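The values are calculated or read from the model by the stated rules, or taken from the named source; none is laboratory data. Quick caveat, the model's predicted, so the values are computed rather than measured. Reconstructed Cβ throughout: ideal geometry from the backbone, glycine too, with neighbour counts over all protein chains shown. Only protein heavy atoms, including side chains, enter the accessible area calculation; ligands, DNA and RNA are left aside. Shrake-Rupley method; radii C 1.70, N 1.55, O 1.52, S 1.80 Å.
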Amino acid sequence: MLLRLPLKIGLFRGSRTGFRPRGRGVEMRDLVRDLQRFQLRLAICGGGVLFAFFVLLLRFVYLQVVQHEYYLTLAENNRISVLPVIPNRGLILDRNGVVIAHNYSAYTLEITPKEVGAIEPVIDALAEIIDIQPKDRKRFRKLLEERHDLDSLPIRTRLTDEEVARFAVNRYRFPGVQINARLFRHYPNGELASHVLGYIGRISDRDKEALEKKGIAANYSGSDYIGKVGLEEKYEKELHGVTGFEQVETDAGGRAVRTLRRILPVSGNNLHLALDVRLQEVAERVFGNRRGALVAIEPSTGGVLALVSRPGFDPNQFVEGIDPQNWEVLNTASDKPLNNRALQGVYPPGSTFKPFMALAGLELGKRSPQYTIYDPGYFILGGAAHRFRDWKQGGHGMVDLHRSIVISCDTYYYGLAQDLGIDSIHQFIGQFGFGKRTGIDISGESGGLLPSQEWKQKRFGQKWFGGDTISVGIGQGYNLATPMQLAFATAILANSGVVYRPHLVRQIEDSQSGDRRTIEAEPFTTFTIKNDNLTRVRDAMIDVNKPGGTAAGAFSGAPYAVAGKTGTAQVIAMKQNEKYDESKVAEQHRDHALYIAYAPADAPRIALAILVENGGHGGSAAAPIARAVFDFLLLGKEPKMPKEEGKEDVEGD
């Protein structure tokens, strides 16, 4: 049976886009409106895409056209590395052409921290194929703490050929680790002349700051070392040279493919010294294990023939960075081997001051050659309570100026100092270089002390007393001098008042042309001394080394004449009228032994000063060293070890 459903007109209503239900029925979508919306969206998206492409196009044009040169340079830098080429450091040679500082090449295993992750595992892995000692690790850690630029740092130096080959096979395992050929400084004579040469060391942050202030930091690109002390430091500008550069093409792995361009470095200039290394060796050998200093000068030029400071040190220890243990030993040693006693050590000049006092007395009219005193063994100033004793108990009897130098009579110079006054002493003797730096071409020199009333007032806020002057008269009290100053003063005395500035470097040789620039030996000052007065003092100094003089034993049988003066400088003050007994005094508190001299006396070729710390008497401890040096220089005679006791010397100075 057919089911009839009523058809309601209007149940479905026609539409432009379709049908849609009424009420709860299904309504048909508006297709035209939806199409319009879709077309709008499509236009917006298309516009966005076109805009993005337009922006990319602008950026492309900017990068490829506007910034072309900039990015071309970056690309070239990625392909081309500019590497510094370190120049050879200049040589140092003595006056006879003997090389005493040079360079050698060796392979170094280096790590670049910025290219390595964890460093310790890398070092452990390297230690399996190359011998790396605990000291190498400690040095590397120290360098890592000191260097903040993250450049390559050495973990091992001076590799053997076998070690280089083993690493080459395993190189792929160690990114950021490489082997480089480096130049190393070498001092073939070890400790010999160590305080003259000094040493080089790794460039510290402080060194970099100093180089930047001077505007020469670029010249040290790639350099690891710089002069620290001695001639290496003083003549750093001459010795270093000019850094070169090379352009190297590299592949994607950073490996060099070929060298495109090379600007050769300019080697440092060579230094030719006035110093005679054989004479230096003799002087150090005869010093033995004793502490002290010796300075020998050529009076006619001011050239330093020898400069000894004992004990010394081996400068080779510092080249690669001294390890903490050796640094601790050198720094804490009781005999202070790093101290340059010749330039920095200040000591009372003792009786070596007396020839200059005698000359002052003659020149200033306070003494005549015939003036004679009676020496009872002491000098009284203002009453019995202020008694200054002579070194010889009972005194020397009648003493004139000549004999006062020969036997080193203290009492004579107590009275002379009182008559001269401290300011006259300061003014006259200051002409011989006491109380100021000599100007030698090496850093660290002390100025010593030649006191005056003004100095004491400024230093202590006290006035000058008569007793102060008495002590200065025999080279004690506030009076202090370096061995360099004593040698300088002796050279002036030998050269009749003509003053040449002491210098170690005699010539500078250009590494390119070979031309030598001479340090001219021109006197920078001259002062007038009456010839008669000078002759009287010199004659007395000659007799110091003859029978009856305080250095007679040391120069017995010498075929040449020597003008000299012994000295003994107190380390600790003695009580009034207390006699000094060396056997009862600790070694470090014993008197210093001094000796100044020049030879030959009639035509001086060498003037020197010697100080032996806690050595006792100048005649027995210092003068024999001078004899060995003179014999070698004047006669070519190899030395024997100096005697410790001067049996023929006059006891005292």
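Pull up region 496-531, narrow it to residues that are in a strand (DSSP E or B) and without any contact (Cβ under 8 Å) to a residue 40 or more places away in the chain, then point me to the one that is surrounded by the most Cβ atoms within 10 Å (Cβ to Cβ). Give the steps one after another, and end with the answer.
Let us first name the residues in region 496-531 that are in a strand (DSSP E or B), namely 498-499, 503, 505-509, 516-518, 525-526.
If we keep only those that are without any contact (Cβ under 8 Å) to a residue 40 or more places away in the chain too, we end up with 498, 517-518, 525-526.
Numbers: 498: 17, 517: 13, 518: 10, 525: 11, 526: 14.
Checked region 496-531; the qualifying residue surrounded by the most Cβ atoms within 10 Å (Cβ to Cβ) is 498.
Being open to solvent by 10 Å² or more (accessible area, probe 1.4 Å), of a type in the set (A, V, I, L, M, F, W, C) and outside any loop (DSSP other than H, G, I, E, B): is that true of residue 329 here?
The answer is yes for residue 329.
Looking only at region 28-48, decide whether some residue is of a type outside the set (Phe, Trp, Tyr) and at pLDDT below 70.
The initial filter retains those residues of region 28-48 that are of a type outside the set (Phe, Trp, Tyr), namely 28-37, 39-48.
Of the ones still in play, those that are also at pLDDT below 70 are 28-29.
Scanning region 28-48 turns up at least one residue that is of a type outside the set (Phe, Trp, Tyr) and at pLDDT below 70.
The rows are residues; the columns are (1) among the basic types (Lys, Arg); (2) at pLDDT below 95; (3) in a helix (DSSP H, G or I).
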| residue | (1), (2), (3) |
| --- | --- |
| 393 | no, yes, no |
| 399 | no, no, no |
| 404 | no, no, yes |
| 414 | no, no, yes |
| 424 | no, no, yes |
| 428 | no, no, yes |
| 439 | no, yes, no |
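So which of 404, 408 ends up being buried (at least 22 other Cβ atoms within 10 Å of the Cβ) and on the phi > 0 side of the Ramachandran plot?
After applying the criteria, what remains is 408.
So for region 308-321 (the condition being within 30 Å of residue 135 (Cα to Cα), in contact with a strand residue (DSSP E or B) (Cβ under 7 Å, 6 or more places away or on another chain), open to solvent by 10 Å² or more (accessible area, probe 1.4 Å) and in a loop (DSSP other than H, G, I, E, B)), does at least one residue qualify?
Checked against the condition, which is being within 30 Å of residue 135 (Cα to Cα), in contact with a strand residue (DSSP E or B) (Cβ under 7 Å, 6 or more places away or on another chain), open to solvent by 10 Å² or more (accessible area, probe 1.4 Å) and in a loop (DSSP other than H, G, I, E, B), region 308-321 yields at least one hit.
Pairs needed: first member in region 369-389, within 17 Å of residue 357 (Cα to Cα); second member anywhere, open to solvent by 70 Å² or more (accessible area, probe 1.4 Å); C-beta distance under 7 Å; at least 6 residues apart or different chains.
Listed pairs, sorted by first residue: 369/536; 372/398.
Name the one entry in 453, 512 that is at pLDDT 95 or above and polar (S, T, N, Q).
Result of the check over 453, 512: 453.
Among the residues of region 416-437, is any open to solvent by 20 Å² or more (accessible area, probe 1.4 Å), within 22 Å of residue 597 (Cα to Cα) and free of Cβ contacts under 8 Å to residues at least 12 places away in the same chain?
Checked against the condition, which is being open to solvent by 20 Å² or more (accessible area, probe 1.4 Å), within 22 Å of residue 597 (Cα to Cα) and free of Cβ contacts under 8 Å to residues at least 12 places away in the same chain, region 416-437 yields at least one hit.
Does region 351-364 contain at least one residue that is open to solvent by 60 Å² or more (accessible area, probe 1.4 Å) and either touching a residue at least 24 places away in the same chain (Cβ under 8 Å) or part of a loop (DSSP other than H, G, I, E, B) (or both)?
Yes: one or more hits.
Report whether or not residue 191 is in a loop (DSSP other than H, G, I, E, B), open to solvent by 20 Å² or more (accessible area, probe 1.4 Å), under 26 Å from residue 229 (Cβ atoms) and not polar (S, T, N, Q).
Here the answer is yes, as residue 191 does meet what is asked.
Output the number of residues of region 508-537 satisfying the condition of being in contact with a strand residue (DSSP E or B) (Cβ under 9 Å, 6 or more places away or on another chain) and basic (Lys, Arg).
Of the residues in region 508-537, 2 are in contact with a strand residue (DSSP E or B) (Cβ under 9 Å, 6 or more places away or on another chain) and basic (Lys, Arg).
Residue-wise test of (1) over 16 Å from residue 548 (Cα atoms); (2) within 44 Å of the chain's Cα centre (by Cα).
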site	(1), (2)
369	yes, no
380	yes, no
387	yes, no
392	no, yes
397	no, no
404	no, yes
409	no, yes
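At negative phi, crowded, with 19+ Cβ neighbours inside 10 Å, more than 28 Å from the chain's Cα centre (by Cα) and modelled with pLDDT of 95 or more: which single residue out of 534, 480, 493 fits that description?
493
Against the definition (of a type outside the set (A, V, I, L, M) and closer than 29 Å to residue 296 by Cα), how does residue 447 come out, yes or no?
Against the criterion (of a type outside the set (A, V, I, L, M) and closer than 29 Å to residue 296 by Cα), residue 447 qualifies.
Determine whether region 177-185 contains at least one residue that is in contact with a helix residue (DSSP H, G or I) (Cβ under 8 Å, 6 or more places away or on another chain), part of a strand (DSSP E or B) and either among the small types (Gly, Ala, Ser) or without any contact (Cβ under 8 Å) to a residue 24 or more places away in the chain (or both).
No, region 177-185 contains no residue that is in contact with a helix residue (DSSP H, G or I) (Cβ under 8 Å, 6 or more places away or on another chain), part of a strand (DSSP E or B) and either among the small types (Gly, Ala, Ser) or without any contact (Cβ under 8 Å) to a residue 24 or more places away in the chain (or both).
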